[in-house]
Amino acid sequence: MTPATGTRVRLRPRPGGDVWDIALAGRTAVVQAVEETLEGELLLAVVVEGDPGGDLPGHRFFFSPAEVEPLRVLIAGIGNVFLGDDGFGVTLAQRLARRELPEGVDIVDYGIRGMDLAYALADYDAVILLDAAPRGGTPGTLYVIEPEIEAIEPVMDAHGMDPVKVLGLSRALGSAPPRALVLGCEPLTRMSGDEDEVVAELTAPVEAALDEAERLVESLLEEVMRGDPR
């Protein structure tokens, strides 16, 4: 499939290319135009992200559609479905998994598997983390948070499933975490796991927030795929 104009891609030039192919291999770029040669061959005109000359007129590079790949984005559900509203992220991930999403996007229910998620981050260009987020607002309120990756301390906490702790664990494991966005929902109830009963359902205000949360994830995904800053 030929990427659309405005799409972010990763450059994978053909083997045996010129010095520019070698220098740009693995870099991310934005498709500025799709052009056709006189021979009918499609070429993508791209602007490389971080290129100091990217704003100069005509400063573009050309690659065939076979020499680029879509960015890999992980949508990760976090939480414990047996602790009431803590299962928001997992429930949302399960709903999103029924949708048709762009190539390169994976949806995974990580539950409480923090170590697995931290290791997985190394394989992605961006991650959208879905989780309950108690911040003192009205129950069911949705938040979009972008942690400052460089400010997160590397912490070896294999049992922490707080998004920041997962990102810290990823750094402690030696990986540079990708761009991360957190979609959180204000819970009505907070359970510690020490209660005598199991609550395997969301409260009414959190359940009611799921439809809007799905729409918000689609918006965030488009933002990530096009490289729009928040």
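Below are the figures for this structure:
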{"quantity": "Wholly within the range 45-115, strands (runs of 3 or more DSSP E) carrying at least 2 residues that are under 16 Å from the mean Cα position of the chain (by Cα), among the β-branched types (Val, Ile, Thr) and more than 16 Å from PRO3 (Cα to Cα)", "calculated": "73-78, 105-111"}
{"quantity": "Filter pass, ARG60 being at pLDDT below 95 and farther than 30 Å from GLU36 by Cα", "calculated": "no"}
{"quantity": "Close pairs (7 angstrom Cβ cut-off, 6 or more residues apart or separate chains): closer than 16 Å to VAL73 by Cβ in the range 120-149, exposed (fewer than 13 other Cβ atoms within 10 Å of the Cβ) anywhere", "calculated": "GLU146/ARG230"}
{"quantity": "Single match in LEU83, LEU42, LEU121, LEU101 (criterion: of a type outside the set (D, E, K, R), loosely packed, with under 15 Cβ neighbours inside 10 Å and on the phi < 0 side of the Ramachandran plot)", "calculated": "LEU42"}
{"quantity": "Enumeration of residues in the range 193-206 that are touching a residue at least 60 places away in the same chain (Cβ under 8 Å) and not aliphatic (A, V, I, L, M)", "calculated": "GLY193, GLU201, THR203, PRO205"}
{"quantity": "Residue within the range 2-19 that is surrounded by 14 or more Cβ atoms within 10 Å (Cβ to Cβ), modelled with pLDDT under 90, aliphatic (A, V, I, L, M) and closer than 21 Å to VAL224 by Cβ present", "calculated": "yes"}
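The values are calculated or read from the model by the stated rules, or taken from the named source; none is laboratory data. As the structure is a computational prediction, the values presented were derived from the model and not from experiment. Don't worry about glycine lacking a Cβ; one is built from the backbone with ideal geometry, like all the others, and counts go over all protein chains shown.
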